[in-house]
Amino acid sequence: MNAIFGCLVSLGGSLLLIQNLWAHNYSWLWVPVLLMSAGVFMQLRHRPDDEPVSVTIGDRCPTCRGAGTVYSAEWNDWRKTGPVRRIRDLCPACQGATVL
């Protein structure tokens, strides 16, 4: 989410910078530059949500990657029609023991 919002803030800042340069309004150039800098900082700060920050590679289960659950066979079966009752099951390798 930070990356998407950062892109939008940077885009808005660059459009505001172009508008200020076009209108010869040089006294407010710091606002779009600040917006563009904040947007770039937000893009660089972005971390994926599904990777725990404090977990090292050796501590994670290779099957579930530390989540403790995996998608159920019912969820993965694309031929099944009708409602899906269970989306997640405990990881068969660690039985949810590696959840942080």
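Annotations for the structure displayed:
- Here ILE18 meets each of (1) touching a strand residue (DSSP E or B) at 6+ places or on another chain (Cβ under 8 Å); (2) modelled with pLDDT of 80 or more with one exception, condition (1).
- Exactly one residue out of THR98, THR81, THR56 is at pLDDT below 80 and farther than 28 Å from ASN2 by Cβ: that is THR81.
The values are calculated or read from the model by the stated rules, or taken from the named source; none is laboratory data. The structure presented is a predicted model; accordingly, all values stated were derived computationally and were not measured. All Cβ positions, glycine included, derive from the backbone under ideal geometry; neighbour counts span all protein chains shown.
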